[in-house]
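Below: the structure, in structure tokens.
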Amino acid sequence: MKYVNEYRDGALARDIAAAIAAEVRPDRTYAFMEFCGGHTHAISRYGVEDLLPANLRMIHGPGCPVCVLPVGRIDDAILLARRPGVTLCTYADLMRVPASKSASLLKAKADGADIRMIYSPLDAVRIAEAEPDRQVVFFAIGFETTTPPTAVALKTAEAKGLTNFSVFCNHVLTPVAMRAILDTPPAQGEPPIAIEGFVGPAHVSTIIGMEPYREFAENDRKPVVIAGFEPLDVMQAILMLVRQVNEQRSEVENQYIRAVTQAGNATAQAICEEYFEIRENFEWRGLGVLAASALKLRDKYARFDAEQRFAVTTVHADDNPACECGSILRGQKKPAECKLFGTVCTPETPMGSCMVSSEGACAAHWAYGRFREHQARSATSLLPVS
Amino acid sequence: MCLAIPALVTQLLPDKMARISLDGVMKTISVMLVENVAPGDYVIVHVGHALAKIDQVEAAHTLALLAEAAALGEAAVAERRA
């Protein structure tokens, strides 16, 4: 596939790994956070970690919308779906996320709730149009990448004059989460994490551009390199981060120049601005309640707001106490450090959201990383030994 | 969730929709979020919507930078062996 295969070339990856190895200073360590689950997935799937020098560590970030959505909001969605006359439309990723009392959307569907998996938010609009007797609620989640398509669905429903379509809005904001990662003191008993730079979001940045990351580079002295989701993109971004650290620079750089511009997508920004405004507070799994970290529908579009139409009142619900998703989302623990990992908690029977979404750190480690760990004990590194 | 794939626009349809080809697999998506999309463009597709056009010049530039970095890596390995 054009614009994909050329960024997955294994021979090129080994040479870039050698360039990284040649440029890291042996007398220090490097620790970078890849914010996005998409990067976590690429790093695990293509074994990027195995190609990196031993003194360079990648820390998984919270950029997985399914993972950070708190239990209380899944409970809300299940309650909505169980209302007579309601059809809940959702992305497939959310179906198996554990809710309170071992419930899930999948189980609610098996119990008879009308829950439909959709590919595009416009599918939900089409269902609303075709079935005027149903109240169709779109369970909207995601970062800035996924918000504009929800806005397009709202605009389309408005143009069609639909009165049976609404959005249960859970859209969240990347820069606020990055700020929380840097500013939140570690939980009791957890070691502080020293992040020296970020591999910045790929597709979030196609929308928001480069400017929102400037505060991290300028005020926090943390370099940010926006990177595409293919393995060579990630490796090139890591090389750019190593160079910034070595040269004591902290800038926002763009590796993903084929899709990201300085200003981002103005059309997408404008349509989001039309339909959404900042929500005062929103709870994130692992990061707690963060002010101004999420979006809700503007008052003038209250008729499309499922929370108002169905008087949703979110009640906080705790995660399974043995699940380490929270610490993993903060970058403080690795999946294998959770005692549920691979025993009680697997992709077939997930206990926590990080095992559900394919971008979740636990799912990525389950699918790819754990085999490498096993091999690494016996095999020698692919890299030439210095 | 933020995963998105590059696809070739083959035909513009009414209501800011378009036909795209993913290596021959055809799909209809919305192009409301991207200005001036034309057949022959590659766009990044996410949940049925084009989010950005791929800049073909910058894509080539990225490959050139990757080749440059790879050459540095190769040279470093050769130097270590020598």
Given the range B:4-49, what strands (runs of 3 or more DSSP E) lie entirely inside it while holding 1 or more residues that are more than 23 Å from A:Asn5 (Cβ to Cβ)? B:5-13, B:17-22, B:25-30
Which listed residue is β-branched (Val, Ile, Thr), modelled with pLDDT of 95 or more and within 25 Å of A:His41 (Cα to Cα), from A:Ile193, A:Ile278, A:Ile238, A:Ile271: A:Ile238
Residues located in the range A:26-43, provided they are outside any helix (DSSP H, G or I), open to solvent by 30 Å² or more (accessible area, probe 1.4 Å) and over 16 Å from B:Arg80 (Cβ atoms): A:Asp27, A:Arg28, A:Thr29
Report, by residue number, each residue of the range B:54-74 that is open to solvent by 20 Å² or more (accessible area, probe 1.4 Å), at the interface with chain A (Cβ under 8 Å from one of its Cβ atoms) and either under 30 Å from A:Tyr91 (Cα atoms) or small (Gly, Ala, Ser) (or both). B:Asp55, B:Ala67, B:Ala71
Is there a residue in the range A:130-152 that is more than 23 Å from A:Arg279 (Cα to Cα) and in a helix (DSSP H, G or I)? yes
Inside the range A:44-101, counting only helices (runs of 4 or more DSSP H) that do not spill past its ends, which hold 3 or more residues that are open to solvent by 10 Å² or more (accessible area, probe 1.4 Å) and not assigned by TED's automatic domain parsing to the domain that holds A:Leu182? A:71-82
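Rundown of residues vs (1) open to solvent by less than 10 Å² (accessible area, probe 1.4 Å); (2) part of a strand (DSSP E or B), yes/no style:
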site	(1), (2)
A:Val234	yes, no
A:Met240	no, no
A:Ala263	no, no
A:Ser293	yes, yes
A:Ala302	no, no
A:Val312	no, no
A:Cys323	no, no
A:Thr343	no, no
Name the residue that is surrounded by the fewest Cβ atoms within 10 Å (Cβ to Cβ), counting only residues in the range B:35-53 that are among the hydrophobic types (A, V, I, L, M, F, W, C), closer than 30 Å to A:Phe139 by Cα and more than 7 Å from every other protein chain (Cβ to nearest Cβ). B:Val37
Could you list, in sequence order, the residues of the range A:188-215 that are buried (at least 23 other Cβ atoms within 10 Å of the Cβ), out of contact with any helix residue (DSSP H, G or I) (no Cβ under 6 Å at 6 or more places or on another chain) and part of a helix (DSSP H, G or I)? A:His203, A:Ser205, A:Thr206, A:Ile208, A:Tyr213
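The values are calculated or read from the model by the stated rules, or taken from the named source; none is laboratory data. These numbers were taken from a predicted model, which means no experiment stands behind them. Cβ atoms come from the backbone with ideal geometry, glycine included; neighbour counts cover every protein chain shown. The area values use the complete protein model at the heavy-atom level, side chains included, leaving out ligands, DNA and RNA. Shrake-Rupley method; radii C 1.70, N 1.55, O 1.52, S 1.80 Å.
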